[in-house]
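Asker: Structure below; questions to follow.
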């Protein structure tokens, strides 16, 4: 008789008697057929065999005088309680094929006992062949090597008992993990700026540390990791969140997977949006050194790009004026800032495009399409026409839309909602969730002029705004943006202060 050794912890042995001639397939069919649904879905024999929790049913039969006697052997990888229930279920079979039958369980054997005896006998045999030198202790050697690589570098964070890496105080960033084993695993990967929070009760020292350094939360991919991340996000100033793959723990991740998880970290606001959490995060106490340098560098680059665009626009305007014999624009009429020609250009374009009477009088907006159209059609030039167009422009400038953006962003704070505005500053619809913003903009018409939302400005959102010709995008802060569209004005909470 062949028994599958990979699934066997217990062997159920039973005898079978039938008042007629039956064969092996009849007995096996009766076992699976008459026990189906008897013990519930968890102990259904067909499902158990598919999942290798029970082995192949072995039957031996002998027929004499028109009656059949035999034995049944059923290997089981279930625990002893479930195996006993399964064995009792076999005894409920009262018919095999056309014949009446009786099945009685003889025994339930623990096959591991025989294996243990075999292991002990073999270990004795191997032990007799070992010629061990005096003073050798392999367990102490292994422990000594492990401690040299891992535990020796685990320290206590400041005045607390929290396990931490040796470089927490000297590093510009810190990684918050769940427990001591997570810190040890990161040390094995060469990461020495991790601190274990050890539970959901976050100490005050960790809260203060998150205000000083760029803070990354690295948690397990299970429900417990999600709860700890939620607690830390509500009590600390977290900048980024990284998670282990689903059902995996940080302490068991190999080096390559640890680095991949940290590389794929997301901003704290983006993580809250992705997980659909409804939490209130602490207000930032100030920009952290590493993040401040990155933001200032981004603003300097953006400012340089704006200056270059303004210079090229001024050069083209002067060239066109030179060709028509007009006087160059004086710098003092540009009102000193790059916002004036840009805003004037837009307003001039709108006024020149929809006011035929003004274009007939030669009205021009500063730097806009309306100026070019008026000059080309009428050849008119004069300060009176310019002043007629500049009046509504100045009126628009007095109602600066940034104050409206600031007010809307303050109202949305902590709600993870967004508002869409038209070119008059009127809301196009009610508030919508930030996670639905991208899909809503994709299906929106071209009347969206500005987007104000309580979230992080991402590359995907800017690409959609450029495609839909949205003029302004206002968010809490900038995310990982590598390509800034020239046609979209980007404003953050800091820009509106």
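The values are calculated or read from the model by the stated rules, or taken from the named source; none is laboratory data. All figures in this text were calculated on a predicted structure; none of them were measured in a lab. Positions of Cβ are backbone-derived with ideal geometry, glycine not excepted, and every protein chain shown enters the neighbour counts.
Asker: Output yes when any residue across segment 55-68 is in the same structural domain as residue 108 (by TED's automatic domain parsing), over 30 Å from residue 116 (Cα atoms) and assigned to a loop (DSSP other than H, G, I, E, B), and no when none is. Spell out how you get there, then give the answer.
Answerer: First, the residues of segment 55-68 that are in the same structural domain as residue 108 (by TED's automatic domain parsing): 55-68.
Then drop every residue that is not over 30 Å from residue 116 (Cα atoms), which leaves 61-68.
Going one step further and asking which of them are assigned to a loop (DSSP other than H, G, I, E, B), we end up with 65-66.
Taking every residue of segment 55-68 in turn, at least one turns out to be in the same structural domain as residue 108 (by TED's automatic domain parsing), over 30 Å from residue 116 (Cα atoms) and assigned to a loop (DSSP other than H, G, I, E, B).
Asker: Please verify whether residue 105 is exposed (fewer than 11 other Cβ atoms within 10 Å of the Cβ) and modelled with pLDDT of 90 or more, treating the condition exactly as stated. Steps first, answer last, please.
Answerer: Working: exposed (fewer than 11 other Cβ atoms within 10 Å of the Cβ): no; modelled with pLDDT of 90 or more: yes.
No.
Asker: Identify all residues within segment 388-420 that are more than 16 Å from residue 276 (Cα to Cα), outside any helix (DSSP H, G or I) and at pLDDT below 90; write none if there are none.
Answerer: 399, 400
Asker: While we're on this one: Determine whether segment 144-156 contains at least one residue that is farther than 30 Å from residue 13 by Cβ, modelled with pLDDT of 85 or more and assigned by TED's automatic domain parsing to the domain that holds residue 226. Before the answer, list the steps.
Answerer: Of all residues in segment 144-156, those farther than 30 Å from residue 13 by Cβ come to 144-156.
After this cut, where a residue has to be modelled with pLDDT of 85 or more as well, the list is 155-156.
The next check asks that each one be assigned by TED's automatic domain parsing to the domain that holds residue 226; those that pass are 155-156.
There is at least one residue in segment 144-156 that is farther than 30 Å from residue 13 by Cβ, modelled with pLDDT of 85 or more and assigned by TED's automatic domain parsing to the domain that holds residue 226.
Asker: Looking only at segment 209-267, which residues are in a strand (DSSP E or B), over 13 Å from the mean Cα position of the chain (by Cα) and either surrounded by 22 or more Cβ atoms within 10 Å (Cβ to Cβ) or in the same structural domain as residue 458 (by TED's automatic domain parsing) (or both)? Before the answer, list the steps.
Answerer: Here is the first cut: in segment 209-267, the ones in a strand (DSSP E or B) are 214-219, 240-243, 266-267.
Now drop any that are not over 13 Å from the mean Cα position of the chain (by Cα), which leaves 214-216.
The answer is 215, and nothing else.
Asker: Shifting gears a bit: With the requirement that a residue be under 16 Å from residue 11 (Cβ atoms) and not in a strand (DSSP E or B), what does segment 90-123 give you? Let's see the steps before the verdict.
Answerer: Of all residues in segment 90-123, those under 16 Å from residue 11 (Cβ atoms) come to 90, 103-118.
Within segment 90-123, 90, 111, 112, 113, 114, 115, 116, 117, 118 qualify.
Let's see how each residue does on (1) surrounded by 18 or more Cβ atoms within 10 Å (Cβ to Cβ); (2) in a helix (DSSP H, G or I); (3) modelled with pLDDT of 85 or more:
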position: 20; (1), (2), (3): no, no, yes
position: 25; (1), (2), (3): no, yes, yes
position: 30; (1), (2), (3): yes, yes, yes
position: 48; (1), (2), (3): yes, yes, yes
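Asker: Further question on the same structure: So, in segment 429-471, exactly how many residues are in a loop (DSSP other than H, G, I, E, B), surrounded by 15 or more Cβ atoms within 10 Å (Cβ to Cβ) and touching a strand residue (DSSP E or B) at 6+ places or on another chain (Cβ under 8 Å)?
Answerer: Initially, segment 429-471 is screened for residues in a loop (DSSP other than H, G, I, E, B), giving 429-431, 443-449, 454-455, 458, 468-471.
From the residues that got through so far, the ones that are surrounded by 15 or more Cβ atoms within 10 Å (Cβ to Cβ) too are 431, 444, 448-449, 454-455, 458, 468, 470-471.
Keeping just the survivors that are touching a strand residue (DSSP E or B) at 6+ places or on another chain (Cβ under 8 Å) gives 431, 444, 448-449, 454-455, 470-471.
Adding up the residues that qualify gives 8.
Asker: Being in contact with a helix residue (DSSP H, G or I) (Cβ under 9 Å, 6 or more places away or on another chain) and on the phi < 0 side of the Ramachandran plot is true for just one of 204, 252. Which residue is that?
Answerer: On the way: 204 fails: in contact with a helix residue (DSSP H, G or I) (Cβ under 9 Å, 6 or more places away or on another chain).
After applying the criteria, what remains is 252.
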